[in-house]
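Okay, so here's the structure we're looking at.
Read the figures in this text as sums done on the coordinates, not as results from a lab. It should be emphasised that the depicted structure is a prediction, and the values quoted were computed from it without experimental measurement. For neighbour counting, all protein chains shown are included, and Cβ atoms are generated from backbone atoms with ideal geometry for every residue, glycine included.
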Amino acid sequence: MDDPNQNPAVGDRLHVSPQTGNSRSRWAWLVGTFFGIGGLHPGPGTWAAGATVLLWWLGAQRATHTTVIALLTAIVVTLIGIPASTRVARESGIKDPGFVVIDEVAGQMFSLIIAPLRWKYLLLSLILFRCFDIFKPPPLRALERLPEGIGIMIDDVGAGLYSLLVLAIVLKFWPSI
């Protein structure tokens, strides 16, 4: 299990890359690591999801149509994240680098689509997303095996959609938590 493509604990560090200097795609590494958040430890995915919730809360305070904005943001982050994560995976030589956290940003944004801007709902959205992302109920584990950036991104998008569904149920039956 010393192959870094099979064991993310081996060689899965932000500084790992067989390509150095100008040969690395700066835009892809900035996007893929969510401006370096992917280098935070422990749990870079949790740091990225938490930062996403915080940025969403700050940005959506005075916005109208937050559902539409959150949906469009989630889609745009996903569409940008696919080529960025593909490029970083190729350049690092790691199939699904743990320091690539743009997938957590996209998944968390899907989870926030209908979340009211109150701390209990935002925290619930974060917890639900991270649980689905970590435990990967079917078919998320299978989606992870899709090629390159699609596989990196789509399982987290699925985790975000699962948490969105659970949050919708909570809002329907327990709207005053």
>> On a straight-distance basis, which lysines could pair with residue 172 in a cross-link, Cα separation under 26 angstrom, same-chain partners fewer than 8 positions away excluded?
In response: 120, 136
>> Given a 10 angstrom Cα cut-off, can you work out which residue in 89, 48, 142 is the most mobile in a GNM of the chain?
In response: 142
> With the chain treated as a Gaussian network of Cα nodes joined by springs under 10 Å, which of 64, 33, 46 yields the largest mean-square fluctuation?
Replying inline: 64
> Can you give the charge dipole size of the chain about its Cα centre, rounded to the nearest 20 debye, using +1 on the beta carbon of Lys and Arg and -1 on the beta carbon of Asp and Glu?
Replying inline: 500
>> Taking the Cα centroid of region 59-92 and of region 157-175, what is the distance between the two, rounded to the nearest whole Å?
In response: 19
>> How would 104, 148 line up from fewest to most surrounding beta-carbon atoms within 10 angstrom?
In response: 148, 104
> Angle between the Cα long axis of helix 148-173 and the longest principal axis of the chain, 0 to 90 degrees, nearest 10?
Replying inline: 20
>> Can you give me the distance in nm between label points at residue 118 and residue 169, each placed 7 Å from the Cα along the Cα-to-Cβ direction?
In response: 2.1
> Going by how many other Cβ atoms sit within 10 Å of their own, how do 163, 25 line up, fewest first?
Replying inline: 25, 163
> Of [x] 29, 17, 13; [y] 22, 21, 14; [z] 24, 18, 16, which one was derived for semi-axes √(5λ) of the Cα gyration tensor in Å from the structure shown?
Replying inline: [x]
> Assuming R0 = 25 Å, what is the FRET efficiency of residue 75 and residue 127, from their Cβ-Cβ distance, to the nearest 0.05?
Replying inline: 0.60
>> Taking loop as defined by DSSP and a crowding limit of 12 other beta carbons within 10 Å, which trypsin sites (Lys or Arg not before Pro) in region 74-177 fit?
In response: 118, 145
